[in-house]
Structure formats: structure tokens, C-alpha cells
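The values are calculated or read from the model by the stated rules, or taken from the named source; none is laboratory data. Note that the coordinates shown come from a computational prediction; the quantities given were computed from them, not determined experimentally. Cβ sites come from the backbone with ideal geometry, for glycine too, and all protein chains shown count toward neighbours.
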Amino acid sequence: MEIQKNSFTGKSTVLALEIERFRYSGAESDTLQSVDLELAPGSLTVIVGDSGSGKSTLGALLAGMLPRPAADECRGSINLAGQRVQYSAQDSPRIDVAGWAKHVGLLPQEAGHYLSRIREIVAEELVFSLENEGATREQMHQQISTLSQRFSLGHLLKRDPAKLSGGQERLVALAALSVSDPSVMVLDEPLAGLDAEATVTVTEMIARLRSGGTALLVLSRTAGPWTASADAVWTLANGHLHKANGASIERNAAATAVQRSPIATDGRTLLEFSGVKLGYPKSEEPAVQGLDLQVRAGECVALAGANGSGKTTVLKAAAGLLKPSSGTIQVSAETGLLLQNPSDQLFERTVLREVTFGLPKKSAARAKVPEILAQLGLSSDADSHPYELPASARRLVALATVLVREPKILLLDEPTEALDIWGVAALRRVIDSVLAHGGAVLFSSHDQNFMDQIADRVQLMSG
Amino acid sequence: MSRSISLHPFTVLSLAVATVTITTAAGSWLLGCAVITACLVLAGWVGRLQRLVVMAVAILLPTFASLLLIHGLVATDASALIAAAGPFRVTTGGLETAMTLGLRTAVLVVVGLLCTLLIDTHQLVAAIDLSPAPPQVGYLLAASLFLLPQMAEKQRAIGQAQTLRKAGTGRGLTGWLKRVRLRAVPLVLASLQDAHDRSVHLAARGFPAAGAHTRLRAVQDSLIQRRIRWVALFCAVMGPLVILAPLWGSK
């Protein structure tokens, strides 16, 4: 692969991007404007931006998945591996995505989309791209062994990829992405939903890839975990890329770093698990065993633990979606559950229809919809399609569908995942409101800062 | 207790094809019943008898009912009359025709269902991928075979989300119909969205392969199995010819 000399930094450049403007087909404004970026071998570049700022679009551009020929408008160029791809108003060349992916790999924000879902076990999923390249079985076994050690995936190799937890899915997708050994890796929220051990594994993997000469570009809502190790931190706002300064990074950190004050409660138990065992059909091992947990009115409890330790299972059981195979679950008030993946919870054509779905006409709940949309900052999106919204807003729409039923027990599965700072602030207001009205909150999370600030206590799940 | 049969998927399929063609051509009650019994014994041996029976009954009951309706109750042949009332006319010939056609269909259904229970779909796709067939064949089969399980999974997720909103929780036939109505459109839209989101990453991972490709999964095969397949395919073609040739020109 050809490496060019970077005229600005003096270092060699593996990829150079100059985008004058990019606009999606049918959009009224540009998603990206004047974005210039150069990536050197072994460098770590971090782009921080709120949801909807254009991070995922930039990632797709770098991965050759955008612009769509004869649809999106793009002006600019990408230099990669000695090749220059020029986009203009007249010409938008079609890129061979498979060939491009050998140089630039993209881990999407929803990591599950990277997995093929047509392979039975994780080991096959890991070497899926090698199978398509015609690698020998020995080469594939060698790669699986290496990846298994590097990503601590030994216990997952025989598992069905469709039945992994969100964090496990991301880890497997990242491992599968690294198989092709691209010279540039674009990672969209690589640490989202990962437990502490997996976070260390991914961070170490990133360091190893850098030392091997891979250029890494991380797209993230916060710069926090990356500031110490990154070569460059940029902020992306309204489609414009700016060099980040310390003040803007600290502003983001400070915006959510406020400790919640405890609320005086009457001590009523709203939710109680006693010796509960939970499992799934066709699964030999129970997901949760011998769980004892009480959640009282005015109390906010966090569920922590490794990926796959049963946090989601507990929340689903509390919401009545799963029945315990032994033990008892007592629920003394209305529950509302926010699922981990908003796509599982959204299925209507507009945000307004989504939030009012299933509500009786002329009901009090239906009348409260505008108020809830305003509380979550979604009033202007009422007529938008939920799938067209940025990830953070989509998550808030899913939250609105829960809140409109005024649950006394709010169950939240990884609530901060995909939320930007404004979304986290809205979430905190919602939690405060539920607790102030005598309700309770039970949530699962890997976000240690959020747990420290919000939770009254933490229940550690051991799996 | 469940056992597994470690035959190459193509061996199972070629034996099934030979069995169906020869039994259908022979049109013998005895052979048809023997084949069905053998299938049931085999299903019982691998621990899937109940599933085979339930699935076969679900398909064959309406099939037999319709055949009886067409050939048994309003027979027009000149064979011995058993009963007659208004437009209905039951004859021995009509019942025999209905049962013969029903038995042929039953052999096809039971053997086909047994194949779906014996053959691991992932093994079948791997076998096609490893065969000289064009890569598109494996891709088409994988897309078709795994679409239903994926849609079922998506349907469950949508059902859970709707249950959380107290929608589609009614019981009985009305409740079931309402659930179907509420889930159908989201299911199709979510499946399309999922396919769209996933397809670009599949392409990036080189799928479907344009040229030579391999599989991590090994599909057990042997010289004996390859010979059995050739013999089975030969029998599938020549068996019906040998059985039917003497009958040609006899009517």
C-alpha cells in the first residue's frame, strides 16, 4: 500500500479526506461542510460530537458506503492507498465497498449490523470475511485463536451470534472487523455498552493496532476515555469539524457530572425479587439465579455486571415479559421499560403516532403527549419518522413511549447508550421526576459515572 | 433421547429424491405405507417423532379432506356404488383414487419433512458453499432459509414492545387476529430496515463472494457417500422409467 507524506504534520498519511459539502438525497441542508481530515499510520484521532452532528455520516463516507451514486450530493475527494476518489456535482463514482473495506474498516454505531446473522456460531462469524476471500481452514483457525486471546472471546466462540448481549455483540463485531487488518479503522462508539473488562480489552486492542501501524478514527459522544491517548481530538458540530480545545471537552464532562440528591421516601417496596431464577427457552443455563432485590419508592437502583450477566433479563422480568422458573417477583405498581435497542421499540411512521400507539382515544394519557415530547425536547420532531432521527433522539422517542403511560416503576436498559449530553440531561430530569412523584427507578448500565451520580445503590449481577 | 445422523446433506437429499420418485411411480399401497413407517421409525430414532407427526398431520389432514371431497364424495366413475344422496355419490373407485393420491402426497410430505428435521440448515448451506455450485446459490439459500427465523425473532421483539404498551394482549381468536394486524406492518418495515442496514456491511465483508470461497465449517463426506449419492440419483431417474415403461401403450 502506498503511503503519502503529509505536508502539514510531516508524518506520512494513509488517508486524506477533503469534503467541501455532503448532503443526503432529499435533505434540505448539508450534513457535512468543509471537513478536512488526514490520518497517519498508527495514529488515534477522536471526533467528538452530539447525536445528529454528522459523525456516522463521516464514518460511512470514509468507509466508501456514502455517497450513494446518483442520489446524495457530495463535493470533495478521498486519497487512500495511492488512489484519489474525486466527488463532484457531475460525477460521483461508485466505490467497490468490499475492496475499499480491505483498507478502511467501519464498526457501525449499532454493532449488531456488522454481524451477518447467517452463521451459526461466533467463531464462524469472526472469519466470515476470510471465508469470502477463500482463506484456508488453517488460516481461519489461526485467526480465531489469536482473536480469542486478544479479545477474551473464548467463552463466546460456540455461542449463537443472535443471542449475544449488546456489549458482547460489539466486542465480537470489533474482533471480526480486525480480521481483515485494514490500514484504517473507523470505530463508531466502540466502548458503548461494554463492561469494565471488555473496555480494557478494547483499549488494549486499540493500542496494539496502533503499534502495528493501523490508523484509528474514533467517533464518540464524549472525549473522556480518549483524551490521554489520542493524537488529535476534533469536535463535529452542525457538520463542521473543529480542533477541540480543553474547554469544550470539559464543558461536556461538566454538563453531566452533577450528583443527584437523595429523595426522602416512605419506604414502601414497589418491586421485590425473592430467590428468583430466570432463563430462556432452549437455553440450558439460567440467565439469573437466586436473585434477591428490593426497590423502594423514591429509590434509584442500578444493575451492574459483566456483559451477559442477566441485567436485561431482570428488567424484562420486572416488566412482566419473562416469568421466573423459581422464586417470586412482586410488582406493586405500574411498570414501564425502555429497551436497550430503540429499534425494537419503535414501529410507527411518525414520532407522534409512535408515542400515542396503543393509547385509547380521548384518554388523559393521549392529552399528555405534547407535554412529554416537550419535556424530552422532541416537539419539533413530532412529524418525523423515528428511523430518520439521530440515535439520541430515537432513544428519547422510545423513552417517551414509556413515559406517556406514567409508570411508577421506571425500568431502563442501558439508558445512556447513544444519548448525547442533552439526552442525558433530559433522562436525568425524567428520573428525578419519577422519584419525586413517589416512583422508583431500576436501570442497567456500564456507565460508571452515570451510576455514581444517579443511583442510590448498585446491585452487582454475577451471571 | 435424541441422536443425530452425520450424513452429508446431499446424501440425505438424494436418498429422499430417489425414495419419492420410485414410490410415486410404483403407486403401491404397501410400498407407500412401508416408506412412511420407515420415516416415522427414523424420526423416532433421532428423537423428532412428535414434531414430524404434528407437522405432517397439519399438512396432510386438509390434503386428504380435499381429495376425499373431490374424488370420494362426488365420484363419476362406473365402479361399485357404496352410497348416493343428491349430488353426492360414493364409489369404491372414487375412494381408491382419493386414497392413492393421498398416499402419494403423504410420502412426499413425510419424506420432505423428515429431510428438514434431519438436515442442519447451516450444514446444508456450507455443503452448497463448498460444492462447485455458483456462490449465488449458497447466498440465495442462506437468505431464504435464515429469513424466517430472523423474522420470527423480530416478530417476538415487536410483540414484546407492543405488550409493554398493553397493545395486542387480547385472548382468543379476536386477540390473535388483532396481534397479527398490529405486528404485520412493523414486521415488514423493520425487516426491510434491518436488511438495508446489514446489506452494506455484508458487502464490505465480501458477501456474496465473487470468486473462490471457503468455509470454516467442515461437512463430513466420504467416498461411500458420494457413491451412494450417484446410485440414488441414478435410481431416482431410472426407477420410475423401469416401473412405468411396461405400462406405456397398455391403455
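For this structure, a couple of remarks:
- Among the candidates B:Ser79, B:Ser28, the residue that is more than 28 Å from B:Ile5 (Cβ to Cβ), hydroxyl-bearing (Ser, Thr, Tyr) and surrounded by fewer than 16 Cβ atoms within 10 Å (Cβ to Cβ) is uniquely B:Ser79.
- Checked against (1) farther than 24 Å from B:Asp129 by Cβ; (2) facing chain A (nearest Cβ under 10 Å); (3) surrounded by fewer than 19 Cβ atoms within 10 Å (Cβ to Cβ), B:Ala245 passes all but condition (2).
- As for region B:197-211, it holds no residue that is basic (Lys, Arg), within 25 Å of the chain's Cα centre (by Cα) and not in a helix (DSSP H, G or I).
- Within region A:57-90, the set of residues being among the polar types (S, T, N, Q) and at pLDDT 90 or above comprises A:Thr57, A:Ser77, A:Asn79, A:Gln86.
- Residues of region A:98-116 satisfying the condition of being under 12 Å from the mean Cα position of the chain (by Cα) and facing chain B (nearest Cβ under 8 Å): A:Pro108, A:Glu110, A:His113
- The set of residues in region B:135-189 that are over 29 Å from the mean Cα position of the chain (by Cα) and small (Gly, Ala, Ser) comprises B:Ala161, B:Ala167, B:Gly168, B:Gly170, B:Gly172, B:Gly175.
- Checking each residue in region A:173-201 for being in a helix (DSSP H, G or I) and either modelled with pLDDT under 90 or among the small types (Gly, Ala, Ser) (or both) picks out A:Ala173, A:Ala175, A:Ala176, A:Ser178, A:Ala196, A:Glu197, A:Ala198, A:Thr199, A:Val200, A:Thr201.
- Residues in region A:232-247 that are farther than 9 Å from A:Val48 by Cβ and surrounded by 17 or more Cβ atoms within 10 Å (Cβ to Cβ): A:Ala232, A:Gly239, A:Leu241.
- The single residue among A:Lys277, A:Lys311 that is surrounded by fewer than 23 Cβ atoms within 10 Å (Cβ to Cβ), at negative phi and either more than 14 Å from chain B (Cβ to nearest Cβ) or at pLDDT 90 or above (or both) turns out to be A:Lys277.
- Taking region B:184-210 as the range and being more than 7 Å from every other protein chain (Cβ to nearest Cβ) and not hydrophobic (A, V, I, L, M, F, W, C) as the test, the residues that pass are B:Ser191, B:Asp194, B:His196, B:Ser199, B:Pro208.
- B:Thr174 meets all of the listed conditions (1) in a helix (DSSP H, G or I); (2) within 14 Å of another protein chain (Cβ to nearest Cβ) but one, namely (2).
- Evaluating A:Val434 against the criteria (1) in contact (Cβ under 8 Å) with a residue 12 or more places away in the chain; (2) in a loop (DSSP other than H, G, I, E, B) leaves one unmet condition, (2).
- Against the numbered list (1) within 12 Å of chain A (Cβ to nearest Cβ); (2) assigned to a helix (DSSP H, G or I); (3) of a type in the set (D, E, K, R), B:Arg181 comes up short only at (1).
- Residue within region A:139-148 that is at pLDDT 90 or above and away from every other protein chain (no Cβ under 13 Å) present: yes
- B:Ser14 vs. criteria closer than 16 Å to B:Leu118 by Cα and exposed (fewer than 13 other Cβ atoms within 10 Å of the Cβ): no
- In region A:117-159, the qualifying residues are those that are hydroxyl-bearing (Ser, Thr, Tyr) and surrounded by fewer than 20 Cβ atoms within 10 Å (Cβ to Cβ), and the one that is nearest to the chain's Cα centre (by Cα) is A:Ser152.
- Contacts under 7 angstrom Cβ, first residue in region B:166-188 being closer than 18 Å to A:Leu321 by Cα and at pLDDT 85 or above, partner β-branched (Val, Ile, Thr) and surrounded by 12 or more Cβ atoms within 10 Å (Cβ to Cβ), 6 or more apart: B:Arg183/B:Ile158
- Considering residues of region B:147-161 that are farther than 16 Å from A:Pro281 by Cα and within 7 Å of chain A (Cβ to nearest Cβ) only, the residue surrounded by the fewest Cβ atoms within 10 Å (Cβ to Cβ): B:Gln150
- Filtered residues of region A:161-175 (kept if among the charged types (D, E, K, R), surrounded by 15 or more Cβ atoms within 10 Å (Cβ to Cβ) and under 15 Å from A:Glu124 (Cα atoms)): A:Glu169
- Evaluating B:Ala167 against the criteria (1) surrounded by 13 or more Cβ atoms within 10 Å (Cβ to Cβ); (2) more than 10 Å from chain A (Cβ to nearest Cβ); (3) outside any helix (DSSP H, G or I) leaves one unmet condition, (2).
- In region B:67-98, residue farthest from B:Trp29 (Cα to Cα) [restricted to those that are of a type outside the set (A, V, I, L, M, F, W, C) and in contact with a strand residue (DSSP E or B) (Cβ under 7 Å, 6 or more places away or on another chain)]: B:Pro87
- Restricting attention to region A:335-359, the residues being at the interface with chain B (Cβ under 10 Å from one of its Cβ atoms) and assigned to a loop (DSSP other than H, G, I, E, B) number 10.
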